[in-house]
Each structure stands twice: as C-alpha cells, then as structure tokens.
Amino acid sequence: MQRMLDDRAAVLALCLVWVPFSFLLHAAVTLAATLGLIELLWYLEALQKGRVLAAGGLFGLLWYTHLGLPWVALAATCAYGWVRLDLRWRFAQAIGLGIVLAAPWWWHLATHALWLHPIPRLENEQLDFSLPLLVLAAAGVVMGWKDGRASRLLVCCWAAFALYGTTYWYRWWNGEGMMPLLLLATRGLWGIGQWWQAHVRRPSAPVIQMICVLGCLVWPTLVLEPHQAAAGVPVREWNWRWADTGMFHLVGWPGTTPKPLDVSLATPEMERLASLVARASRPGEILWSNADYAGGLVAALADRPMASAMFSEVAASVIADPVAAAHWIVWFKLPEAGSEHRLRALVQRYGLALAADTDLALVFRHPGGGRLAERPRAVIPLWVSGMLLCVVLSGIIWDFHRPNLCGVE
C-alpha cells in the first residue's frame, strides 16, 4: 500500500491485518503459503511496473513454493492483461520466463501426477466473515477500478482467488484469499478518508479512518460452524461471535472462543516425548501414530521417518500396511469414541509391546516392523540449488532497482 498510495495507507493496512484472527493463524501455520503470499505481492508489483525479469523470476519461484498460488498469479495476470492492453506483451514474456524456470518442477509433478489429488479439508468446516472488512473491500473494488491504478491489479488478484472456491473454501475466505481482500479494504478506507477530507473536513480524515479501524476491531465476527442437530445429523449454522478479532485473541481477552487452528503442538510435554522416542529408537526405524500431525512433529523432533501420512492430498507411492512397516507406535491419548477398542485391536494384531507411558501418549515397540528406511537422495545437491536461487534472486533485485526505462507505472 505504501507503493500504491502513501505511508499512511501502509499503516492502515497493518491495522486492518489485525482484524481477521483466522488469517493471522493461517499465516503462522501454513508457512509455505505465507512465503508464497510475499512472493505474490512482489510479483504483482513487478507486473504493475512492467519489470519482466523480476515478474518472471518471482512467478518461477512461486511454483517451487506453493502449488495453488501460481495458478492464482496466472489467472490474475490474464485478467489484468485484459485491462492493460499496453502491457500484454510484457506479461506474456514474464509468464514465459516463469514457465521456463519452473519446467523441472512441472516435470516432477507430471511424473507423480497420479499421486496428487486435491480434496476438501476439515478446515472448511468453519468459516469466519468480518462484515465491515467486506464492505470496505467492496468500496475498494469500486474506487480502485475507477482510478485505474494498481488497485485494478488487486481486484484481478482477488477474483483469481475464486479458483480456491472449488475445494478450499477456508483458504479462499480466511487464508491466502484474505491478502488481496485486506489490501482492497485498505484502498476503500483510504478512499473514504479522501472523500471526507474533500467534503466534510472535520474531524480530519486520519481520525475518521482510525475510527473505522476500531469499528472493524470491535465488530463481531459472523461464523459459519458445524453444529450437531437433534437427530445426530451434523449441520452448519450461522452465529455472531463477539470479541473475535485478532486484537482480542492476541491479548488474551477473557471470553474469546478458540479457533480450530488456535492450538500449539510444540509443548514441553511434546519435546519430552520426542526425546524419549529418539533415545529408544535407532536411526532409520519408522514411526506410526494415530494423530498424523502430532506424530509428524514427534518424528521431526526425533529425526525419524514416519509411516503415517500428513498430507491427505498426496497418496502413498506403494500400497502397504503403514502399521506393519513401522517399528514404533506413538498412540496419543485422544478423547475419541472407540479409541481404546482400536488400540487393543492393534496391540493384539501386531503384538505390540508397551515401551513408555507419558501424559500425552503411549509408546509401543513393534517387534515385527519392516526394513529400515533409507534417506532419499536429493535430485541435485543443496549447494547447487542454493546457487541457482541466489542467481534468480539477484536478477529480481537488479530488475527492481534498475531505472524504469519503459515508463510504466
């Protein structure tokens, strides 16, 4: 926003980011998507300035960072190319350069295409909507489209995120899709301040803008969440939730309702469990857990491979029994119906021997585990990929800092 408008608009954007707590949580949890959003922002800036080398380099990096955001960038570029006829050739050059850089990754994806399948996630069960933000964003769409500046590109980017709507509703409205919405809301708030300064003048425009920000911060969130009906059939219903913005959650305001992602697995108990597994197991021995993500954290902290999948979108390359292949079973004490029955069945079927009982989980030794896992070899050495990354980043930085000879703004 600082490059689009001025410093005060950038401050307003930072203030509005505090409104949707779901977006802050998502940015903290999905680090690859967060890094991709940073690259996408700079990609939009490069497109707007007509800097082909920077835009192409950033588009290429997006493919190696995240699987969804490059398609959003491509759709936004095509939509913006319909508006900016004078930049179509530069857009085509940038996309072509990005495709060349991403060609090895595309080849890798094509090779493993049968194992990849986008599916709805449990995070889609709850959606949060801040109505004041949506109103400001709608105003930003109208004002941004009229002024013909970089706001038009943000409108195209927001529209491009509708690609997420087919499967990832949560990420469209509460995750990555919030980025252009927040910037458009800032544009709308800035436009309101300009109108106020031109027609009313008292109090000043910054005062009115900060009053709007405070209104967004204290306004209740409209939440679409799952609810158990009387007949036992799960349904979803709309509810108002007060004190639900990021400000209230981050300061620990009493009465706030925790979000589904508002949990931390990195606790001292988890670290002690990982240390126990690391001491008891040998390098190459495989872990399996009844809680995929918690088990993945234990495997990462203990530096051990795991047989339980973490990403439902990626199928196993070989159909096999993951418990039979594992040497250690980490069974978390989850309050689920039938959990004890399933555990007894596993112990009886595989002959598991209890090795440790902690506050978080039971650790079992599987005497009949499969062969030890071998560390996969990298396609190219890390130092080579590091050098290639430095070359691309250097080209991006150079293109941004060189004189803008084409005069595009």
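The values are calculated or read from the model by the stated rules, or taken from the named source; none is laboratory data. Everything numeric here is computed off the predicted structure, so don't read it as measured data. Glycine also receives a Cβ, built like all others from the backbone with ideal geometry; neighbour counts cover every protein chain displayed. Surface accessibility is based on the protein's heavy atoms, side chains included, excluding ligands, DNA and RNA. Shrake-Rupley method; radii C 1.70, N 1.55, O 1.52, S 1.80 Å.
Things to note:
- For region 256-265, the count of residues that are touching a helix residue (DSSP H, G or I) at 6+ places or on another chain (Cβ under 8 Å), in a loop (DSSP other than H, G, I, E, B) and among the hydrophobic types (A, V, I, L, M, F, W, C) is at least one.
- Complete set of residues in region 127-185 that are in contact with a Gly (Cβ under 7 Å, 6 or more places away or on another chain), more than 20 Å from LYS49 (Cα to Cα) and open to solvent by less than 10 Å² (accessible area, probe 1.4 Å): ALA137, GLY140, PHE161, ALA185
- Within region 13-29, the set of residues being touching a strand residue (DSSP E or B) at 6+ places or on another chain (Cβ under 8 Å), assigned to a helix (DSSP H, G or I) and closer than 14 Å to LEU181 by Cβ comprises just one member, SER22.
Residue-by-condition table, conditions (1) of a type outside the set (A, V, I, L, M, F, W, C); (2) closer than 21 Å to ALA28 by Cβ:
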residue: VAL251; (1), (2): no, yes
residue: MET270; (1), (2): no, yes
residue: VAL277; (1), (2): no, no
residue: ASP303; (1), (2): yes, no
residue: VAL314; (1), (2): no, no
residue: HIS327; (1), (2): yes, no
residue: VAL347; (1), (2): no, no
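- Residues that are basic (Lys, Arg) and surrounded by fewer than 11 Cβ atoms within 10 Å (Cβ to Cβ) within region 376-404 comprise just one, ARG377.
- Those helices (runs of 4 or more DSSP H) of region 273-388 in which at least 2 residues are at pLDDT 90 or above and within 26 Å of the chain's Cα centre (by Cα), considering only elements entirely within it, cover 292-302.
- Flag set for ALA55, criterion: crowded, with 22+ Cβ neighbours inside 10 Å and either within 24 Å of the chain's Cα centre (by Cα) or in a loop (DSSP other than H, G, I, E, B) (or both).
- Residue within region 307-326 that is open to solvent by 20 Å² or more (accessible area, probe 1.4 Å), among the charged types (D, E, K, R) and closer than 26 Å to TRP115 by Cβ present: yes
- Across region 230-252, not a single residue is classified as in a helix (DSSP H, G or I), touching a Gly at 6+ places or on another chain (Cβ under 7 Å) and surrounded by 16 or more Cβ atoms within 10 Å (Cβ to Cβ).
- Within region 69-126, considering residues that are open to solvent by 30 Å² or more (accessible area, probe 1.4 Å) and in a loop (DSSP other than H, G, I, E, B), the one nearest to VAL263 (Cα to Cα): ARG121
- Any chance VAL379 is within 26 Å of ALA299 (Cβ to Cβ) and among the aliphatic types (A, V, I, L, M): yes
- Region 33-52: number of residues that are open to solvent by 30 Å² or more (accessible area, probe 1.4 Å) and not hydrophobic (A, V, I, L, M, F, W, C): 2
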